[in-house]
Ligand SMILES: Nc1ncnc2c1ncn2[C@@H]1O[C@H](COP(=O)(O)OP(=O)(O)OP(=O)(O)O)[C@@H](O)[C@H]1O
Ligand SMILES: [Mg+2]
């Protein structure tokens, strides 16, 4: 077990408003961690600071032992972090499958020649261009593009939306957009996945399945997942290793689901209403 | 960004002494540069062109008494033109070939990994950056590709004009037209772009002919005159316009037409104010002739062109915002035989 994400005394101010105040936590490799807290307590802001979208006011953030101050989001993604946004932001005038094909790493190859080749030789079937039955040019299939496509369709299968592959993402329903967003974030082979309410608005059974799939993903590939989720049923019962509870910009407590359930402070601060529903 | 950079470059280059090598060395711009394949086009491959030969230049070949065995003669025989085919025919052929090549290249790039990354940056560059793509680099690369294509077009254009100067590129005759072409034809669609460009260029040449001819029996001549007259009336007879606006205001108030009242109210104020400022004098003093009449020569056909293109763009944006041919998204199908890959 190595520490993959280390946040220490993170502070973020918006003008006069302190959104996040001395938040510290760590995520180990292969951990499935939940992040909960009432609305406006600074969860998304913490994500934004980690992923490089916002500049932190003070504090330290280390990913894979490297400080990420002054790193742009694309550099941070290349280090192995992928995040989703709370308000799903898909590329709307592109198809679902195109959306999934953008994040994969190293799509152009390394050498200059590979890069030029990736512009023109990206067909997934052998292309034979000819006149009157003779072949003039044969363009062989591109293996890596084919593999990317296969992977994308597999992920759509898992998320139960393969029939939407060729729709524009602007045509998707809210829940379907969430699913495609999760799929897109998995296409980049992250080592650390930050998911901001990924299953809000997804129907119960499918949301359960997504939690199970995430659990399996963690077990099989050893990625770490940090997930923000308001639904206590999922966060307390669906195989999350550890929960970080935030309140009013700070960390209230950390612990296993059982510890969190037993903590009176948490129940008062957050579970109050949702806790009774269970 | 792109436009301002281009403008900076243009100003810098217009100070460059190497580019002042026209017929008169002090003039900015280039001229009398050699045209590609011109000798071959008029003289064929058999005839030597040069100081020692009987033909010293391609123009001599063209006007030669005995028809030479040259491509321009072949084409003119096929098309029954009589004279040797002009050099612009060869240029047209070169242009069509380049359009086809650029078309094929761009279509290929559009569905490539880079193409979809550029599209994702167009849609939401924050998210594209969060998925590991350097926005600035990709934008710069696409700018470079676009500039390369524009450069190619510039070469063809320079060959057509046989001389160029920085003043040939005015925004209303270039940038604006390109923009109009893709709004009308359909952005992000190569076919739409070509169709849009054709519409615009056809309109251009029709109107250029009209401007030059500018005689009363041409279509739209009257319209142009009317527009001119209305404009002259608006700027020179402000008190009349104010009265007209007041009349409109009354009509609006009587019939309770909110929009008309608003329009007429502001019209009254603006024109009354300008009329007061001008002290009742005619605004177009400098354009009046000795008899105090305002004259505009040539019935402003050039403006009718811009007016038409502008309204075409407006209608296109309002009723068909995606253009004639909208973008076609890429829909790769699931590859079969996935297991072995
Ligand atoms: N860009 C911003 N500018 C100004 N204030 C902001 C900005 N983003 C967030 N805030 C403020 O920071 C605080 C924390 O917001 P944040 O989005 O992190 O909450 P959250 O924990 O994700 O809540 P929720 O559960 O509703 O998503 C809020 O008070 C919010 O108003
Ligand atoms: Mg949030």
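The values are calculated or read from the model by the stated rules, or taken from the named source; none is laboratory data. No experiment lies behind these values; they were computed from the predicted model shown. For neighbour counting, all protein chains shown are included, and Cβ atoms are generated from backbone atoms with ideal geometry for every residue, glycine included.
A few remarks follow.
- Only one of A:188, A:183 that is farther than 25 Å from residue A:26 by Cβ and away from ligand 1 (no atom under 16 Å from the Cβ): A:183
- Restricting segment B:108-133 to residues that are surrounded by fewer than 17 Cβ atoms within 10 Å (Cβ to Cβ) and in contact with a helix residue (DSSP H, G or I) (Cβ under 6 Å, 6 or more places away or on another chain), the residue that is nearest to the other protein chains (Cβ to nearest Cβ): B:108
- Within segment A:211-231, the residues that satisfy the criterion of being over 20 Å from residue A:25 (Cα atoms) and either away from ligand 2 (no atom under 16 Å from the Cβ) or modelled with pLDDT of 85 or more (or both) are A:211, A:212, A:213, A:214, A:215, A:216, A:217, A:219, A:220, A:221.
- Of all residues in segment A:14-37, those satisfying the criterion of being within 11 Å of ligand 1 (Cβ to nearest atom) and surrounded by 15 or more Cβ atoms within 10 Å (Cβ to Cβ) are A:18, A:19, A:20, A:21, A:23, A:35, A:36, A:37.
- From B:232, B:201, residue being at pLDDT 80 or above, out of contact with any helix residue (DSSP H, G or I) (no Cβ under 7 Å at 6 or more places or on another chain) and surrounded by 12 or more Cβ atoms within 10 Å (Cβ to Cβ): B:201
- Residues within segment A:41-96 that are part of a helix (DSSP H, G or I), within 9 Å of chain B (Cβ to nearest Cβ) and under 26 Å from residue A:202 (Cβ atoms), tallied: 3
- Consider segment A:167-181 and keep the residues that are crowded, with 16+ Cβ neighbours inside 10 Å and within 13 Å of chain B (Cβ to nearest Cβ). The one that is nearest to ligand 2 (Cβ to nearest atom) is A:181.
- Residue match in segment A:19-31 (condition: free of Cβ contacts under 8 Å to residues at least 24 places away in the same chain, part of a strand (DSSP E or B) and touching a strand residue (DSSP E or B) at 6+ places or on another chain (Cβ under 6 Å)): yes
- Long-range neighbours under 8 Å by Cβ, at least six apart or interchain, first residue more than 10 Å from chain A (Cβ to nearest Cβ) within segment B:318-341, second in a loop (DSSP other than H, G, I, E, B) and at pLDDT 80 or above: B:323/B:189; B:325/B:189; B:328/B:189
- Enumeration of residues in segment A:105-137 that are more than 8 Å from chain B (Cβ to nearest Cβ) and either within 20 Å of the chain's Cα centre (by Cα) or in a strand (DSSP E or B) (or both): A:106, A:127, A:128, A:129, A:130, A:131, A:134, A:135, A:136, A:137
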